Each structure stands twice: as structure tokens, then as C-alpha cells.
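The values are calculated or read from the model by the stated rules, or taken from the named source; none is laboratory data. Worth saying up front: this structure is predicted, and the values here are computed from it rather than measured. With ideal geometry, Cβ positions are generated from the backbone for all residues, glycine too; neighbour counts draw on all protein chains shown. To get the accessible areas, we keep the full protein, side chains included, count just its heavy atoms, and leave off ligands, DNA and RNA. Shrake-Rupley method; radii C 1.70, N 1.55, O 1.52, S 1.80 Å.
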Amino acid sequence: TWELVPGIRADRHENVDGTILSPRLAIRYEPREDMIFRAGYAAGFNAPGAYNEDAHIGGTITIRNDPGLREERADTLSAGVE
């Protein structure tokens with residue numbers, strides 16, 4: 001038997017205008033009772049931002065993001081057999 005599970009993830013972040021949509025897709029195939037194949041695809045994002053690694057020094061630090069920064073995108077593939 002085959003099983004296909006499509007999906008979509010919606011995220012909002014203060015550093016990104018609008019909603020970020022990330023597709024998902026999983027597939028499962030069971031050719032016989034004691035064997036299962038699985039595969040999946042997922043997209044994701046990382047919102048733009050600055051790392052505040054110098055904050056431990058003390059004093060006042062002002063960090064500003066470039067208004068033209070965009071989110072980072074990532075694609076993930078996975079597969080397995082049971």
C-alpha cells in the first residue's frame with residue numbers, strides 16, 4: 001500500500017513581512033507486512049537577524065538589520081527503510 005501526505009507550514013516572524021509558506025511532502029510504501037519504505041521532503045526558513053555575540057562585553061550596543069535582508073531557505077530530503 002502507498003500513503004502520500006502533503007502539507008504546508010505557515011510561519012510569521014517580526015523580521016519578515018508577510019507569512020512564510022514552507023511545503024512538506026511525505027510518502028510511505030509498504031510492499032509487504034514486514035517492510036516499510038519512507039521518504040520525505042521539507043522546506044524551511046531562517047528569519048534574517050543579527051547575532052548578539054558581543055553583548056556580554058557590556059555597554060550599549062545598537063544592532064540594525066539591513067532592510068534588504070531576506071530569509072534564508074533550506075530544503076531537506078529524508079529516506080529510510082524499516
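Net charge in the neighbourhood of P48 (other residues with Cβ under 15 Å of its Cβ; Lys, Arg +1, Asp, Glu -1) is -2.
With +1 on each Lys and Arg Cβ and -1 on each Asp and Glu Cβ, and nothing else charged, work out how big the dipole of the chain is about its Cα centre, in Debye to the nearest 20.
Magnitude of the dipole: close to 200 debye.
Prolate is the label for the chain, because the ratio a/c of its alpha-carbon gyration tensor axes (a ≥ b ≥ c) is 1.5 or higher and a/b is greater than b/c. What a 1.4 Å probe finds exposed on the chain is 51% carbon and sulfur by accessible area, rounded to a whole percent.
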